[in-house]
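As structure tokens, the structure follows; a few thoughts come after it.
Values quoted throughout were computed directly from the atomic coordinates according to the rules given, and no laboratory measurement underlies them. Just so we're clear, the structure is a prediction, and the values are computed from it rather than from any experiment. Neighbour counts are summed over all protein chains in view; Cβ atoms, including those assigned to glycine, are modelled from backbone coordinates with ideal geometry.
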Amino acid sequence: MKKSLAIISLAFVACAASASTIGIQTGSYSGGSFATASEYLNAVNAAVAGSAVTDLSSYDNLAIDINGGALKSTINFGVAAAGNWSFRAGVDYGKGGAVFLDGVALQTISNNMWWGGSYSNPSQSFGVSSNLAAGNHTLTIVGMEDCCSGNQQVQFMAAGSTSFTSFSKTDGLVAAVPEPETYAMLLAGLGLIGAAVKRRKAKQA
């Protein structure tokens, strides 16, 4: 029984202490630019609908081919303590794009964006900040490209930090609040252990 409890406890900790997950979707798009973040999101969602999600191990200066298409990046990450976090994204969106944090639009850029490895020109990359509560959060970035695809990058600067780090599966970000599904798994495991103990006592009696 002790062995089973240890296994379930380890599974619980693993689920609660995972690093960031990064998924991207691409699709065809031939329309124009938009004025609002919601318009960008709706257009990109329509373009990538039904497309497979590609998991990335790191979002650090990647060559992503979306020539004549749309790109949706979804990053799930955890915050251990509340504070002000900053995010920046170097993209190649010829028709612009938008950034959302937990479903709330933070920035929209409608001009031709070409990061080119430098954040010196704010019109060519996204840069946002927000006070985050401890727990799990989702950063979503959408945009369209009509020409030659370039490298892209998404980074964070944690509260209290002075430097940016690229999102990755080894970025060390830990969710302080486990998802409801994690609690359900733990309770189910404890229930199975309880049932096993009752059966053992019944046999001994």
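General remarks:
- Distance (nanometres) between label positions extended 7 Å along Cα→Cβ at residue 39 and residue 174: 4.5
- As a calculated quantity, the FRET efficiency between residue 86 and residue 65 at R0 = 22 Å, using C-beta atoms, amounts to about 0.20.
- Nitroxide proxy distance, nm - points 7 Å out along Cα→Cβ at residue 21 and residue 46: 2.9
- For segment 20-174: rounded, prolate or oblate by the Cα gyration tensor [a/c cutoff 1.5]: prolate
- One way to sum up the overall shape of segment 37-106 is the equivalent ellipsoid from its Cα gyration tensor, whose semi-axes run 22, 16, 13 Å, largest first.
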